[in-house]
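Derivation of every value follows stated rules applied to the coordinates shown; laboratory data play no part. Please read these numbers as outputs of a predicted model, since none were measured by experiment. Note: ideal-geometry Cβ built from the backbone for every residue, glycine included; neighbour counts use all protein chains shown.
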Amino acid sequence: MSNHPTLKVPQERITQLKQMAANMGAQNMSEVLAKLIAFAQNEGLIAHEIPGVKINALADGLAIKFDDGETVGFSSEDAARLASEIRAFLAGERTAKQVISMNADKRANFALKGKGQGIAVSIPAFSKTPKVFDRGLADEFARLIERALPEAV
């Protein structure tokens, strides 16, 4: 059984969503919904956040936590690299199936792995419960990281 809820939408709305997808260059309905959510966030209708993901600005970087997992601190540079690596995966620029990042203390702070059409993000790198994002959520996660970083990075 799938853990994804089923939404019942009138055929007229499906037709409108398909028109939106075509005009946005979206590959699937998830991307259309991601763009609608980004619009709602920019209009102040919903918060700039992903449920189950906590990103907190620190004086020298960010702290990121998934669900009930461990909170991991990132320097500004490491957080920017995480966002950059996510974008590289989404753009198809990664030939490796997995990326593991080492911070300045030689600790593995995150890992990315392609998962279907999306990305599995492990924070810390060897977490047993990675967060799997579809393309739209992965892009939003990268955007939220960049938004939380100080301007100088």
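Here is how the numbers come out for the structure above:
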item: Convex hull (Cα only) mean projected area of the stretch 16-69, reported in nm² to one decimal; result: 5.5 nm²
item: Selection of chymotrypsin sites (Phe, Trp or Tyr not before Pro), the stretch 123-153, meeting DSSP coil and at most 12 other Cβ within 10 Å; result: Phe126
item: Rounded to 10°, Cα long-axis angle of helix 135-148 versus longest principal axis of the chain; result: 50 degrees
item: Crossing angle, helix 76-90 versus the chain [Cα axis fit, 0-90 degrees, rounded to tens]; result: 40 degrees
item: Trypsin sites (Lys or Arg not before Pro) within the stretch 1-91, DSSP loop, no more than 10 other Cβ atoms inside 10 Å; result: Lys8
item: Reference-scaled alpha-carbon Rg (2.2 N^0.38 Å with N residues) for the stretch 53-148; result: 0.97
item: GluC sites (Glu not before Pro) restricted to the stretch 1-53 and DSSP loop, no more than 16 other C-beta within 10 Å; result: Glu43, Glu49
item: Rg over Rh [alpha-carbon atoms, Kirkwood Rh] for the stretch 1-98; result: 1.04
item: 222 nm mean residue ellipticity, helices alone, for the chain (DSSP H n ≥ 4; -39,500 (n - 2.57); rounded to 500); result: -12000 deg cm²/dmol
item: Distant-in-sequence amide H partners of Leu58 (H built 1.01 Å from N, under 5 Å); result: Ala63
item: In the stretch 53-148, lysine pairs closer than 23 Å at Cα, eight or more apart or cross-chain; result: 21
item: Within the chain: Cβ-based charge dipole about Cα centre, in debye rounded to nearest 20 (Lys, Arg +1; Asp, Glu -1); result: 540 debye
